[in-house]
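The values are calculated or read from the model by the stated rules, or taken from the named source; none is laboratory data. Owing to the predicted nature of the structure, the values given are computational and were not obtained by experimental measurement. Counting neighbours? That spans all protein chains shown, and the Cβs are built from the backbone with ideal geometry, glycine included. Just the protein is used for accessible areas: all its heavy atoms, side chains included, with ligands, DNA and RNA removed. Shrake-Rupley method; radii C 1.70, N 1.55, O 1.52, S 1.80 Å.
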Amino acid sequence: MVERREIPGYYLAITRYADELLASLEKLDGWPPQVRAMQENWIGRSVGVNFGFPYELDGRRQLLRVFTTRADTICGVTFVAVAAEHPLAERMARGNPQLADFIEQCRKGAATEADLATMEKKGMATGFFVEHPLTGERVEVWVGNYVLMATARAR
């Protein structure tokens, strides 16, 4: 069984250099195509948009930033999924043993986007709601085993 651990600072800035890294791969003559493809997948450039879902917690007004590769999905939002290691998920797990157990199971699961593509998608409601940025409606926050913190970025 794989256990995921947080490595402080490891991936924080890699997305800033994704375009440069991908362009540099083109200059690597003599590299086998499959190795270059692995590197491209590891760099993992995603093009999309971040939406901010307002919420209030512990007397503070905040925004939950959610990344999507398709901006039109904002129109049909029925829930928002966060990664098991997201601070909001961890906060909601306090006093909720079932959610805490689910989060622990997620942390022992897949660690890469390639792994996530083949595994069974599971989620659990947190009982916490954010505000839809366009309609103002309440939208429930879920924890999903198919969400990675490192992929929550915009280009």
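Quick check on region 26-46: of everything there that is within 25 Å of the chain's Cα centre (by Cα) and open to solvent by 80 Å² or more (accessible area, probe 1.4 Å), which residue is farthest from Ile74 (Cα to Cα)? Here the answer is Met38.
Filtering Leu88, Leu63 for residues that are surrounded by 15 or more Cβ atoms within 10 Å (Cβ to Cβ) and not aromatic (Phe, Trp, Tyr) leaves a single hit, Leu88. If the condition is being modelled with pLDDT of 80 or more, of a type outside the set (Gly, Ala, Ser) and either more than 14 Å from Ala71 (Cβ to Cβ) or touching a Pro at 6+ places or on another chain (Cβ under 8 Å) (or both), then region 40-53 contributes Phe51, Phe53. A residue that is under 20 Å from Val130 (Cα atoms), modelled with pLDDT under 85, surrounded by 10 or more Cβ atoms within 10 Å (Cβ to Cβ) and of a type in the set (A, V, I, L, M, F, W, C) cannot be found anywhere in region 18-25.
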